[in-house]
Every structure is written in structure tokens, then in C-alpha cells.
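For reference, the structure is listed below as C-alpha cells.
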Amino acid sequence: MDGVRTGLAERNQAMRIMIGYLLRNLWEKKGRTLLILLSVSLVAALFFASSAIGTTFTDIIVNRIQLQTGTADLIITAGSRSATTLLAPQAAGKVPGVAAVIMQRRDNAVFRSSWKSRKTIPVTGISLADAEEMHLFEVGADTAGTAFEGMRAIISERFASGNALVPGSRFTLELAGGPKRFVVHAVCSNGLFTDTGEDLPIVVPFDTLAMLQGGRGNAPMLWIVAADEADASLATIRERLKQAYPGCEVERPVDPVQIAAELEQLTIPFLLMTALVSFMSIFIIYSTFRVIAQERLPVIGTFRSIGATKRMSDGILLGESVLYGVFGGAAGIFLGQVVLRILTGIMIATMTTGGLTLSVRFTPGQALRAFLFALALSYFSSLAPILKVSGLPVKDVILNTVEKAGRKGWARCAAGLVVLVAAFLLPGADRGPADMVLSLSGMCCGLAATILLVPTLTQGIVFIMKHLFAFVFGNVGMLAAKNLSENRNLLNNIVMLAIGISSLLMINTISASVADEVGNVYSRCRYDLSMYCAGMDRSTEQRLMAQDGVSDVLGMYEMYSVEVVGSGKRVGLVQGYVDRTFFDYNDYDMSVETERALDGFNDARNVLLTPSLMKAHRLRTGDMVTLRFSGRDRAYRLVGTINTMMQNGSLAVIPAKSHPGFEESR
């Protein structure tokens, strides 16, 4: 019994000595400790930022939309197939689950501050009680009178300060066919009037705008507030409202699918950067622990001789890697919040000129995943060199008589060539769901090829140049060349330098390529000006043709973010093809077969897609594609391809007569 206690005491003493040695070594090797902590924290920060940026920007986009729609859960508008453009609110009020129905009207007015100044301003017609119920905006105590009715208007602070207007002032708008005189009821700067850099509306009473436009008691737009905001309940209410208003469009103000599609372009670069930094960190940790394991062999042998077990010595080394993961992961979460805040500030500055509050939002699960990722990265990156030392015989460890394994230069070179070939072949091999995985795998293969081939290339260059070094520098040059080819630390530094240079080259190449491609895309647009406004038709084309200096006009039918049924993805832009004049204005590359298909293109529901869309949806010529336009599904036959990077290559062309824009313009 005493022998067992003595053995346990010796093991505990050995463990205390080993832990003390570990902590002392971490403190003494500050540079190495900081290097590993920095690499782990950077990985954790980027992983955290790439996962939390979607949550943050979803809130920003939702808040920006809610500035325009308040607390509306659903919006009903008259569609191209509806019997009337004005909707009665009574039918919506009878639908179970609807808590409130708000009528709203919109129009555009012209404001002239002088005889040569002309500005178009959006006008919203809504009652003050409805606006307050929807939390659209709040009016302060400084108002001109008490009743918001008649020819009164609520204006933004920007409009008021720019035109020296205060409550009680009068101004004129060209609205509904003529000049109308309004009194400023109040000046507002919140909600709908938040200054985000866009055109801010003027709000007038609903009855006033209805009187000017015609059709009192009804509205072209109804906002619906649901009693239960759960997704399942909203879906049920939406279907009931579609039945109550046949031919009308019933949509949510915030489309989660569309937001996800927009955020995908933002999160992908972060995922690529995270993968790149993770690979570099794995190499740093692996190389460092290989050195640590070699340095600790004499000490581990000493510990083994005083009673430490193999598990204890392995635990100390693995415990060191866990410490790096714990402290690096914790630091990475705080660093990730800083990165996320900086990126959010930059993006808000590009989206608006103010008004939106800079706020970072993330979930505890995202922080926990970033921490666990850092911990796993540190642990598994150090596992291989630790297990290699662990497998050595006790005698060799104690006496430090470990012989270096023979070089496997040819095997290393062959493996490097294989992964280099894979780095070229994997990206773009599949444009379906595996596209991102293959692209990341290709990038990782490129980094692995750098790690495997750079030392061999360095040794080859040194072998060739060592005679020149000897001739120029004598024996010193020969010794320097030999040290360069055999010093593992120097080779690791060269590899890290190669990875850093290749990463910078990749970033610069991508930036330059994107800039060139954007210029090339718009250089293929064979027109000088484009114009967008509501309600355009053939008469608009004729009026434009009558303007001096205009030689030709083409009416374009376009719809953005169209859902591809059954795929969960969207087409960035769908254009309507009228005749071959379309391609005089849009110089898209196409094959001879596609040009032949244009002869009967308008005779049926046909579609042209870009090669990237065809790969993404695994389509071939002759396949059927179903597009969803405002809740209505339409099937098209794929008859050819057009090669363009417009809308990042997410573009489709369909016959104009089957385009929703064509139907709305009739």
C-alpha cells in the first residue's frame, strides 16, 4: 500500500514539475507564443466575422425596409391580372388572423424652389392615426394646428431646412395634373423621414391624395398587420388574402430568400479568407509544434525517468496546444467584434449618408462556434508532431538517441505535383451545390502544393547555385548554401513567405480582374443613356424619340431577383426580348446555334441563360426552366446561351410578350 502511495506521489510530483516547466517555457518563448496566439486569434476572428456578418446585415436590411413599411407583415398590391387597380379594405378585414388593414396611396410630385430648379419628390398618402399604428413615424408637439387633414403635409427635416420651411409655412407641389398649395403640418426626422441619403417623401392625408387621384374609399396598396407573426400563420393568411383578392400580389415586405441571396455575395469572400488564414495557421502551428517536440525530447526523457507516463507527457504537450486554442479563441471573438464593427461601418457608409445606427449583432452560438473552431484548429494541428514523439521508444527518448528519418524528397515532390494539378482542376468543376466546396478545396490544394514544393524547389535552386556561391564567396558561400538547404526553420520561413506573397498576388489579381471585367461588361452596352420610371409604354418611347439629339430608343422589359422554382435560387435579372434590335443595344456573345434559335424565339416560351446559370442549375439545351414572377409560375424551354457577366453572370432573356413588364405596360 505504501508503494502505491509512493508511486502516486512521484507521479503527482512529476506532473507538477511538468506543468511548471510548461508555463515557464510559454513565458520564456514569448515570440513563439505570440505567433501561435496571433494565428489562432485571427482564424477565430475571421470565422466569427464571416458567420456574424450575415446576422448583422440582415438586421440592417430589415431595419432599412421597415423605415418604409413600418410594422406591416404583408402588402397587397394590384397585379397585372387583377380586375381593378384600387383595392377595397373590407375583404382583407374579414380574413381570419388579420389584426389591421391600412390603406396607403403613393404618387410623385414636382417641387420648384425657383424657376430653373425642378425636383421630383415621392408623396405618400396615409392618415396620421394609421401611420402611428404602423410605427411609420412619430410627430412631435410642434405642429401647425391639431388636425392632419385637408391640404396639409408632413415634411422631412432635410426638405424643411433646404427650403426654409417651418410648421405653418406654405409651399407648392405639382401633383395630380396641376399645382397644389400645401401647409406644413409638422417637420419630422424619424422613421419614414430618417435621412439615409435617399429621396425622402412628403406625407399628406390619405383622403386628400385619394381626392386628387380619384377613387375615394379604396387604395392601390393595403398594408396588413397579422395577429400572429409566426411564419406558418403568415403563410396561411397570405393564401387567404390571395383568394380574397384574385389576381393581386400579396408579399412580405422582407423576403428572406432575397436577403439571403444578397448576403451570399458578402459572406463568400469572408469564407474564402477564413479558409486561407486557417490553412496558414495550421501550417504555423504544425511547424511550431514539430520544433517544440524536438526541443522537448531531452526534457521529456528526464520526466519519463522520474516517473512520468507516456500519457502524462502527451497530455502536457496537448495541454499546451489547448491553452493556445483557449486564449486565442477568446481573443479572436473580441477581435472579430472589432472587425465586424469596422466592416459594418464601411458598408453603412456606402449604403447611406446617415440615419442608420451602427450596431453589431451576433448570437451566442456564433461566438461559441468560433471559439470551438479555434480550439479544434489548435489541437488537431499540433496532434501529428506530438503523436510522432509519443510513439518513440522510452530508451531513445531518455537518451535522446532519435535518428532522423531519411529524406523523402521525391515522394514529397510527387505529392506536391498531384495537389497542384488538383488546385487547377477542382475550381469550376461543378457549378451546382458543391461549387463552394470544390473552390475552397482547390485553394487549399494550392496552399498545400506551396508547402510541399517550395522546400524542394529551394533545395534544387541551392544545389544549382552553390557552386556559384562557392566561386563568389568561397567557403563561406558553400556553408551558407548548405545551411539554407538543410535548415528546416529557414525552409519553413521561406514557405511562409511564399504563402504570404501568393496570397497578396491572389488578392491583387482578383481585384484587377474584377475591375477589368466590370469595365468590359458595361463597354458591351451599345447605348448612351438608360432611364427608368413607372408607367412607361410605347407612347413614352415616341416622346423620347421626338427629343432633340435622340437617334434611337429601345423599350426594355426587366425584372430583378426572379425565383427559379424548385432550386431555392434566383436569377439576378430577366430581360424581355422584342426582336433582334435587342442585341444591337446589348452586345452579348452567343453561339451560331443560339443565333439560329432567335428566328422562332418569340413563337413560344423560350429562354436564354448564361453558362454560369446553366452550370449552377445543371441544365442543358432543351431542358425546361420554371420562373416565378410575383407568385405566378411560368415554364420556359432553354434554347441557347448568352455569354455575359452582367449581374455577375446571373441573367436570362425571355420573349417580351411573356415578360410581366410587357403585360403591365399594355
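Throughout, read-outs are computed from the coordinates displayed, never taken from laboratory work. Since the structure is predicted, the reported quantities are computational estimates derived from the model, not experimental observations. FYI the Cβ positions are ideal-geometry reconstructions off the backbone, even for glycines, and counts take in every protein chain you see.
Observations on the model:
- Packing-based order for 608-621, 456-469, using average beta carbon neighbours within 10 Å, highest first: 608-621, 456-469
- If you take the Cα centroid of segment 108-182 and the Cα centroid of segment 198-220, the two points sit 12 Å apart.
- Taking Lys and Arg as +1 and Asp and Glu as -1, the other residues whose beta-carbon sits under 12 Å from that of Arg580 total -4.
- Net charge of neighbours whose Cβ lies under 12 Å from the Cβ of Thr363, counting Lys and Arg as +1 and Asp and Glu as -1: +1
- Counting charges near Glu174 (Lys, Arg +1; Asp, Glu -1) among other residues having Cβ under 12 Å from its Cβ returns a value of +4.
- Listed residue pairs exceeding 27 Å between alpha carbons, taken from Lys119/Lys180; Lys30/Lys466; Lys30/Lys388; Lys569/Lys657; Lys180/Lys657; Lys94/Lys657: Lys30/Lys466; Lys180/Lys657; Lys94/Lys657
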